[in-house]
Amino acid sequence: MKQWIDKLRQEHTLSTDEFRQLLTGCDAELLAYINKQAREVSLRHFGNRIFIRGLIEVSNCCRNDCYYCGIRKGNTRIERYRLRPESILDCCRQGFELGFRTFVLQGGEDPALTDEQLIKTVAAIRKDYPECAITLSLGEKPRESYERLFQAGANRYLLRHETYDATHYGQLHPTEMSSAKRLQCVKDLKSIGYQTGTGIMVGSPGQTVDHLIQDIRFIENLQPQMIGIGPFLPHCDTPFGKYPSGSLEQTLLLLSIFRLMFPSVLLPSTTALATLAADGRERGILAGANVVMPNLSPQEERKKYTLYNNKASLGAEAAEGLILLQNQLQRIGYEIAFTRGDFSETDYKELEKREL
Ligand code: SF4
């Protein structure tokens with residue numbers, strides 16, 4: 001099956017049948033091979049430098065009830081919080097001093113965070129830190145809200161589509177949510193001009209290989225600038241609390257597939273991966289990822305943002321643990337890039353030709 005991996009590296013796509021073979025027949029040796037191919041591509045495009053993003057979890061209140069999520073509105077067992085704008089700006093100030101040049105404002109779909117408030121906060125960050133990128137990850141909104149936030153100074157938006165298949169989407173979400181709306185939001189973001197990120201949970205309940213192939217095709221057509229791929233991890237106070245976690249190997253395989261498909265895409269090694277395995281973050285990087293997102297949220301709120309159980313939030317996952325992160329990266333031959341780390345349109349094929 002190595003030939004499919006070589007073909008994917010050269011042509012950046014495969015037939016449906018070839019993808020299926022890769023997703024179903026990848027043993028340890030093949031996984032090591034595709035991880036190596038993806039790592040080489042990432043090194044050629046980005047060097048050994050890993051972009052860092054300062055993650056600020058602005059609110060754990062959400063109007064939705066996604067079956068997999070620990071902060072779903074139906075979970076009455078968590079303490080809710082919402083950061084005040086001054087607190088968000090304080091996180092940015094601390095992050096800037098630590099060397100972060102991208103701030104990611106992430107939160108549930110919190111009706112109390114109105115467009116007006118968010119626009120004010122984004123504009124204040126833009127004014128204070130003109131050289132920094134602002135990424136939002138605040139769920140589904142009307143196109144007009146996305147446009148206004150973009151005009152206020154946001155540059156990037158992360159919205160995982162979770163699964164392309166409408167039936168599978170219905171297994172993961174209550175009936176008032178729809179995959180059509182989610183996909184439309186992702187397309188809106190891209191057409192407005194955001195550097196757009198989408199992605200999936202690997203091993204979510206009910207996920208099949210056919211679903212994964214549909215997800216790959218959707219992402220291939222969308223051509224996003226960022227792809228978020230992390231394992232499904234259960235949270236005990238959700239309907240999926242007793243389901244098994246997604247597999248580390250399948251997550252690493254998909255990271256490598258996406259790196260080979262999109263040599264220049266921004267591909268995080270996620271906190272979920274670092275939670276699943278002690279060396280998950282490093283293995284993600286060695287499978288082709290090139291971004292990590294340490295947590296800049298106020299210490300006292302971090303434990304309340306529990307999308308899944310046992311979330312890694314200390315040490316190298318914390319913004320103040322950058323030295324630890326630096327050491328971990330050095331051990332595998334990488335270092336932190338203290339830059340904005342925007343998506344670059346460099347023509348990868350030209351890059352390859354120049355270096356041959
Ligand atoms: S996944 Fe997002 S939209 Fe769904 S309940 Fe959790 S925070 Fe809300």
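Just so it is clear, none of the values below were taken in a lab; they were calculated from the coordinates. Please read all numbers here as calculations on a predicted model, not as lab measurements. Positions of Cβ are generated from backbone atoms using ideal geometry, with glycine treated the same way; all protein chains shown enter the neighbour counts.
In nm, give the distance between the simple-model label positions of S191 and L98, each being 7 Å from the Cα along the Cα-to-Cβ direction.
Label at S191, label at L98, 3.8 nm between them.
Compute the signed sum of charges (Lys and Arg +1, Asp and Glu -1) over the other residues within less than 14 Å, Cβ to Cβ, of Q21.
-2
Could you check the simple spin-label distance between S145 and Q184, using points 7 Å along Cα→Cβ, in nm with one decimal?
1.4 nm
Suppose we keep just the DSSP beta bridges with both residues in the chain; what percent of those would be antiparallel, to 5?
Values: 1 of 32 bridges.
DSSP beta bridges in the chain are roughly 5 percent antiparallel.
Which trypsin sites (Lys or Arg not before Pro) from the range 33-80 combine a DSSP loop assignment with at most 11 other Cβ atoms within 10 Å? Spell out each step's value before the answer.
Numbers: sites: K36, R39, R44, R49, R53, R63, R72, K73, R77, R80; in loops: R53, R63, R72, K73, R77, R80.
The qualifying sites are R77.
With viscosity set to 0.890 mPa s and temperature to 25 °C, compute the Stokes-Einstein D of the range 103-160, Rh being the Kirkwood radius across alpha carbon pairs; µm²/s, no decimals. Walk me through the numbers before you get to the answer.
On the way: Rh = 11.3 Å.
The calculation lands on 216 µm²/s.
Mind checking which aspartates and glutamates have their Cα closer than 19 Å to the Cα of K242? Skip sequence neighbours fewer than 8 apart in that chain.
D65
Rounded, prolate or oblate, given the Cα gyration tensor of the range 206-356, with a/c below 1.5 counting as rounded? Please list the in-between numbers first.
On the way: a/c = 2.02, a/b = 1.19, b/c = 1.69.
Here the range 206-356 falls in the oblate category.
Calculated FRET efficiency, R340 and E220, Cβ-Cβ r, R0 25 Å, to nearest 0.05?
With a Förster radius of 25 Å, E is 0.45.
With springs only between Cα atoms under 10 Å apart, run a GNM on the chain and tell me which of T196, T163, T114 wobbles the most.
Evaluated over the chain, the most mobile residue of the options is T114.
Rounded to two decimals, what is the ratio between the C-alpha radius of gyration of the range 42-168 and 2.2 N^0.38 Å? List each step's numbers first, then the result.
On the way: Rg = 15.9 Å, N = 127, 2.2 N^0.38 = 13.9 Å.
Normalised Cα radius of gyration, the range 42-168: 1.15.
Give me the mean projected area, in nm² to one decimal, of the convex hull enclosing the Cα positions of the chain. Walk me through the numbers before you get to the answer.
Values: hull surface 65.3 nm².
Mean projected area of the Cα convex hull: 16.3 nm².
Quick check on the range 211-288: take the gyration tensor over C-alpha atoms, sort the square-rooted eigenvalues as a ≥ b ≥ c, and tell me if it's rounded (a/c under 1.5), prolate or oblate.
oblate
I need to check one value: relative contact order of the range 16-340, counting alpha carbon pairs closer than 8 Å and at least 6 residues apart, in percent.
Once divided by the residue count of the range 16-340, the mean separation gives 25 percent.
Between Q117 and N309, how high is the FRET efficiency from 1/(1 + (r/R0)^6) when r is the Cβ-Cβ distance and R₀ = 41 Å? Nearest 0.05. Before the final figure, lay out each step's value.
Numbers: r = 31 Å, r/R0 = 0.75.
Taking R0 as 41 Å, the efficiency between Q117 and N309 is 0.85.
What's the long-distance tail for the range 39-114, i.e. % of Cα pairs beyond 20 Å?
The calculated P(r) of the range 39-114 puts 50 percent of pairs beyond 20 Å.
Considering the chain, which cysteines have no disulfide-compatible partner, defined as another cysteine with its Cβ under 4.7 Å away?
C26, C61, C62, C91, C92, C132, C185, C236
Report the residues of the range 185-223 in range of a label on T167: point 7 Å along Cα→C-beta, backbone N strictly under 16 Å from it.
Counting only backbone N, you get 205-215.
Run the quick spin-label model on V209 and R82: label points 7 Å from Cα toward the beta carbon, then report their separation in nm to one decimal.
The modelled label-to-label distance comes out at 4.7 nm.
So which GluC sites (Glu not before Pro) in the range 153-229 end up in coil per DSSP with only 11 or fewer other C-beta atoms within 10 Å?
E176
Return the single residue from G107, G193, G288 with maximal mean-square fluctuation; model: Gaussian network over the chain, springs between Cα atoms under 10 Å.
Highest fluctuation of the listed residues: G193.
Holding the Cα-Cα limit at 21 Å, pick out from K73/K304; K141/K181; K141/K190; K73/K141; K127/K190; K73/K311 the pairs that are longer than that.
Distance filter (> 21 Å) returns K127/K190.
Applying 1/(1 + (r/R0)^6) with R0 = 41 Å to the Cβ-Cβ distance of M1 and K127, what FRET efficiency is obtained, to the nearest 0.05?
0.20
Using a cut-off of 20 Å between alpha-carbon atoms, which lysines can reach K2, once sequence neighbours fewer than 8 places away in the same chain are excluded?
K36
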